[in-house]
Amino acid sequence: MKKVIFVCGMSGGKRDMFLIKHILKDFNVIYFPYDVWLNETIEQSAKRLEKFVNELNLNKKEKISIVSVSAGGIISEYYLKFLDNKKVDKIVTLCSPFKGTWLAELFFKGNKGLRELRKESPLLKKIQNKKLKNIKELNFWCYFDPIVPGKSARGENPRHTLFFLHWIIQFWPPVIYKIKEFLL
């Protein structure tokens, strides 16, 4: 059974993959635990993801996929672009703040990882300036998203959704079924 790593967004948790795990029942969906309050830098969280994937003890030809929400998408992109991309064949990002979020400007200023999600941050520019190679990517974004508004969440291979409730996009069945279709 193909492994899919689920990387939740800020303040998320294992409960956020409930419906994804149910709809993706043909996959082994595995929760990646990390500091969801983003007290660590994005790079530190990405290194934890690298360690987590390495501990899965994949065989040499086995590839995994990643489904990530919001900040989890930034962590996953950093991992794939700067640490290791040989074990992953597909990534899905949901409402990830590729061009930043106002939330990082107003709240949680002590959280290192969240500070890196400010608009025009050096980290986000670094991620934007490097393209993924040999990995298929699918990105869901919403122009009306109140947390990551406008085109801030538009990434590679974008699919616009009118579902604007950022904090529960991972529970929206039409999006999850499109994810399943992409992963098959």
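Any read-out appearing in this document is the output of simple, stated calculations on the displayed coordinates, not a laboratory observation. Given the structure is predicted, the values throughout are model-derived calculations rather than measurements. Cβ atoms come from the backbone with ideal geometry, glycine included; neighbour counts cover every protein chain shown.
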Build a GNM of the chain with springs between Cα atoms under 10 Å: which of LEU165, LEU56, LEU117 gets the top mean-square fluctuation?
LEU56
In nm, give the distance between the simple-model label positions of ILE168 and GLU156, each being 7 Å from the Cα along the Cα-to-Cβ direction.
3.2 nm
For region 91-184, which semi-axes, largest first and in whole Å, follow from the square roots of 5 times the eigenvalues of its Cα gyration tensor?
23, 17, 10
What's the exposure ranking of SER76, SER152, SER70, SER121, going from fewest to most Cβ atoms within 10 Å?
SER121, SER152, SER76, SER70
Could you tell me the distance between the Cα centroids of region 102-170 and region 1-66, to the nearest Å?
18 Å
Using DSSP to call loops (not H, G, I, E or B), can you name the chymotrypsin sites (Phe, Trp or Tyr not before Pro) in region 1-103 whose Cβ has at most 16 other Cβ atoms within 10 angstrom?
TRP37, TRP102
Among the GluC sites (Glu not before Pro) within region 44-115, which fall in a DSSP loop and have no more than 12 other Cβ atoms within 10 Å of their own Cβ?
GLU55, GLU62
If you place +1 on the Cβ of every Lys and Arg and -1 on the Cβ of every Asp and Glu, how big does the dipole about the Cα centre of the chain come out, in debye to the nearest 20?
440 debye
In terms of the charge dipole of the chain, which places +1 on Lys and Arg and -1 on Asp and Glu at the beta carbon, the residue among ALA71, VAL148, ILE179 farthest towards the positive end is ILE179
Consider all pairwise Cα distances in region 31-116 and report the whole-number % of them above 23 Å.
21 percent
DSSP-defined antiparallel bridges as percent of all bridges, region 17-149, nearest 5
0 percent
Which of SER65, SER45, SER11 ends up with the largest GNM mean-square fluctuation for the chain, with Cα atoms connected below 10 Å?
SER11
Matching label for the computed percent of Cα pairs over 20 Å apart, out of (1) 47; (2) 54; (3) 63, is (1)
